[in-house]
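S.K.: I have a structure I would like to understand better, so I am pasting it below and will then ask my questions one at a time.
The values are calculated or read from the model by the stated rules, or taken from the named source; none is laboratory data. All of these numbers come straight from a predicted model, not from anything done at the bench. So basically every Cβ, Gly included, is an ideal-geometry build from the backbone, and we count neighbours across all protein chains shown.
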Amino acid sequence: MKSSFVFNGFILFWVFVGFACPVHSVAQSPYMGGKTNLTKAPNGAVVREEVLKTSARILYLEPTPEKLADGVWCIGGYSLANTTVIEAQDGLIVYDTGDTKEEAEHIREAIKKISQKPIKVIIYSHSHYAMGGGALVDNPKDVLVIGHPKLNETVEKNLKGGGSPSAIPEVGPLMTSRVLIQFNNFLPTEGPDAALAGKLELGKPIAFLPANKTVEDGEELDVLGIKMKFFTKYTSDDYNLTVYVPEKKLVMNNFFWPGTPNIYTLRGGVYRDPLIWRDGLKVIRDLQPEILTNTHTRAITDKDEVMKRLTGYMDQLTLTYDQTLRGILAGMGPKEMRHTIYIPKHMQEIPENAQSYGETIHFPEAIYQYVIGWFDGDVTKLFKIAPKDEAVRMVKLMGGKDNVVAAAKTALDQTEYAWGAQVVQYAYLLDPTDKAVRRLKADLLRQMAYRTTGSIARAFLITEALTLEGKVTYPKLVPPAKETLAASPETFVNFFRVRIDPKKSENTDKVVEFVFTDKGYHAVALHVRRGIAEYVPLPADYYRKSDFVLKLDSETWAGLYLSAVSLNDAIDSGKVILEGDKGEIAQIFELFDKFKPTKNYMVPPLED
């Protein structure tokens, strides 16, 4: 294909001699009848055989203290993250501390079997798995805690947010729900649908020790007599800290994972720039380490093996990114590109490149969305009709609902699960409560889950199948804890604005001020103005005087925000002191959606 166009007087020529990435045939897909060897994990989970073989090579599946060199150990299997231990003359240095106080207590017991020396230094790889430090030591004041310059504020933000971290914190409750699905929280522990990866621990006590020493990129420190060099330049929103220990020829990092680099995760979240990830790996490669310890995957020893794995891992990441851009230049849309990324055999042989967590098929669309946006150039998609309306018309075109269900059943019988799921979705959208359709959809999703290699996709597919069958329910929104709301009430007054109904409020123009009596009478406001609610951080400086003033404590606001108490009841009980008309302010609060994640957002359960 040859084309040209004029730009600022220059004629540019683009020559494409075909896009060489092979499109995998339908028959090759494990979701469309391709050959797949299924087996059972020890807990009975039905899974592809290769998943079990690879997991043992790249993960610590049981609590394991592994000695890597004189004075260097990796402790894995106690948490979703590993802990590296370095023994110095006067004490121990640990890299990562577990995600809860309980995890850290187990790690501490394992460390005691290695050395009786006290832990004198804690280093955080990033803002996750930094929650157990306080449980590793007796006197936190005597411990040097090293972290990325933005670690403390990131951890604090995560702990006080409205849910799982997101590019837009207001959607935290939805993100939390999807995080719980991703980490298997709704999957059974045994049987064919059992989880293959760890579940997320919720509500357990933490023991976070803030970093009391932050380091810059390239900074060198003497740490208990051991020279260390720190790298912070290449990082994600989690703020990674890579550490090089020259005398041990050791690198500790959070860039080398047990599975292909997760450029996009199905739970959503901030765009993960593949170039930052790649360049972080380059830093490690150029240091030529002989020992590589990693936040999640097994440690690697031997310089040649480290270089082989690092290079192969980095190159697959580069390939995914560059081939996506190549596809864009060839005029492909995201749906086409997800089937065109060819991974050479030598890259597939790197165990850490396994599709065991995220899967490459899901990455090109995320990159495309970041680079181009949602519009793929197909003008027929500019004004698509609503999904349910589309289902009504498609089902009619296909000869009616019975034909659609029959086609989906045929696809199930012929092991064409992906096609069957696509077809049955039309019937499901027509009536999500139809028992037969829900069972059929669940059967199709389950068979895809058994065949996927990625733990994330498996968790989403089986969770939805179990929900369709009425065996589990999951909230589409998970509200923040009352303690989180009460700690920062003004944040959630701001977040409250996104729940306004524009149709109900299009004729309302009122300013509502909130004064928090337990926060030094700190005041903020919302200006409900004809379809929107503007957050006003300083009502005293606002151009309009408040029409209503609500004096209340943070705990009462938490109850109102979560729709656990009505405004009228809060006023009648004296928990809210109101300046203004009670009936009118109650009507204004009715302009905002109630927070009822279970009732309003649950997938309808299947009843017997």
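S.K.: For the stretch 132-162, give me each residue that is of a type in the set (Lys, Arg) and within 23 Å of the chain's Cα centre (by Cα).
M.R.: Within the stretch 132-162, LYS150, LYS157, LYS160 qualify.
S.K.: In the stretch 54-74, what residues are in contact with a helix residue (DSSP H, G or I) (Cβ under 9 Å, 6 or more places away or on another chain), assigned to a loop (DSSP other than H, G, I, E, B) and more than 29 Å from GLY91 (Cβ to Cβ)?
M.R.: LEU61, the sole residue that qualifies.
S.K.: Could you figure out which of (1) out of contact with any helix residue (DSSP H, G or I) (no Cβ under 8 Å at 6 or more places or on another chain); (2) under 22 Å from THR260 (Cα atoms); (3) of a type in the set (A, V, I, L, M, F, W, C) isn't true of ALA45?
M.R.: For ALA45, the failing item is (2).
S.K.: Can you find, within the stretch 320-335, the residue that is surrounded by the most Cβ atoms within 10 Å (Cβ to Cβ) among those that are in contact (Cβ under 8 Å) with a residue 24 or more places away in the chain, out of contact with any helix residue (DSSP H, G or I) (no Cβ under 7 Å at 6 or more places or on another chain) and assigned to a helix (DSSP H, G or I)?
M.R.: Filtering first and then ranking leaves GLN323.
S.K.: Please work out which one of (1) modelled with pLDDT of 95 or more; (2) buried (at least 18 other Cβ atoms within 10 Å of the Cβ) is the condition TYR234 fails and give its number.
M.R.: With (1) modelled with pLDDT of 95 or more; (2) buried (at least 18 other Cβ atoms within 10 Å of the Cβ) applied to TYR234, the lone miss is (1).
S.K.: Provide a single number: the residues in the stretch 38-56 that are without any contact (Cβ under 8 Å) to a residue 40 or more places away in the chain and either touching a Leu at 6+ places or on another chain (Cβ under 8 Å) or loosely packed, with under 13 Cβ neighbours inside 10 Å (or both).
M.R.: Qualifying residue count for the region: 5.
S.K.: Can you tell me which of (1) touching a residue at least 60 places away in the same chain (Cβ under 8 Å); (2) part of a loop (DSSP other than H, G, I, E, B); (3) of a type in the set (Lys, Arg) is the one LYS120 doesn't meet?
M.R.: That leaves (2) as the condition not met.
S.K.: Could you check the stretch 420-433 and list, in sequence order, the residues that are outside any loop (DSSP other than H, G, I, E, B) and touching a residue at least 12 places away in the same chain (Cβ under 8 Å)?
M.R.: GLY420, ALA421, VAL423, VAL424, GLN425, TYR426, ALA427, TYR428, LEU429, LEU430
S.K.: Looking only at the stretch 302-311, count every residue that is crowded, with 19+ Cβ neighbours inside 10 Å and in contact (Cβ under 8 Å) with a residue 24 or more places away in the chain and tell me the total.
M.R.: Residues flagged as crowded, with 19+ Cβ neighbours inside 10 Å and in contact (Cβ under 8 Å) with a residue 24 or more places away in the chain within the stretch 302-311 amount to 2.
S.K.: Something else about it: Only one residue in ALA459, ALA436, ALA407 is in contact with a Leu (Cβ under 7 Å, 6 or more places away or on another chain) and part of a helix (DSSP H, G or I). Which one? First the steps, then the outcome.
M.R.: Working: ALA436 fails: in contact with a Leu (Cβ under 7 Å, 6 or more places away or on another chain); ALA407 fails: in contact with a Leu (Cβ under 7 Å, 6 or more places away or on another chain).
Result of the check over ALA459, ALA436, ALA407: ALA459.
S.K.: Surrounded by fewer than 22 Cβ atoms within 10 Å (Cβ to Cβ), touching a residue at least 40 places away in the same chain (Cβ under 8 Å), of a type in the set (Phe, Trp, Tyr) and closer than 29 Å to GLN355 by Cα: is that true of TYR417 in this structure?
M.R.: Details: surrounded by fewer than 22 Cβ atoms within 10 Å (Cβ to Cβ): no; touching a residue at least 40 places away in the same chain (Cβ under 8 Å): yes; of a type in the set (Phe, Trp, Tyr): yes; closer than 29 Å to GLN355 by Cα: yes.
It is false that TYR417 is surrounded by fewer than 22 Cβ atoms within 10 Å (Cβ to Cβ), touching a residue at least 40 places away in the same chain (Cβ under 8 Å), of a type in the set (Phe, Trp, Tyr) and closer than 29 Å to GLN355 by Cα.
S.K.: I'd like the full set of residues that are within 23 Å of LYS101 (Cα to Cα) and touching a Pro at 6+ places or on another chain (Cβ under 6 Å), limited to the stretch 58-72.
M.R.: LEU59
S.K.: Can we say ILE122 is closer than 23 Å to LYS233 by Cα, in the same structural domain as ASP222 (by TED's automatic domain parsing) and touching a strand residue (DSSP E or B) at 6+ places or on another chain (Cβ under 8 Å)?
M.R.: Yes.
S.K.: A further question follows. Would a scan of the stretch 289-296 turn up a residue that is crowded, with 17+ Cβ neighbours inside 10 Å, under 18 Å from the mean Cα position of the chain (by Cα) and part of a loop (DSSP other than H, G, I, E, B)?
M.R.: So far as the stretch 289-296 goes, yes, one or more of its residues are crowded, with 17+ Cβ neighbours inside 10 Å, under 18 Å from the mean Cα position of the chain (by Cα) and part of a loop (DSSP other than H, G, I, E, B).
S.K.: On the given criteria, is GLY358 out of contact with any His (no Cβ under 6 Å at 6 or more places or on another chain) and over 25 Å from LEU196 (Cα atoms)? Lay out the reasoning, then the answer.
M.R.: Values: out of contact with any His (no Cβ under 6 Å at 6 or more places or on another chain): yes; over 25 Å from LEU196 (Cα atoms): no.
So GLY358 fails the test.
S.K.: If you go through the stretch 445-503 one residue at a time, how many are acidic (Asp, Glu) and over 29 Å from LEU159 (Cβ atoms)?
M.R.: 3
S.K.: Can you name every residue in the stretch 85-107 that is outside any loop (DSSP other than H, G, I, E, B), surrounded by 21 or more Cβ atoms within 10 Å (Cβ to Cβ) and not aromatic (Phe, Trp, Tyr)?
M.R.: VAL85, ILE86, LEU92, ILE93, VAL94, GLY98, GLU103, ALA104, ILE107
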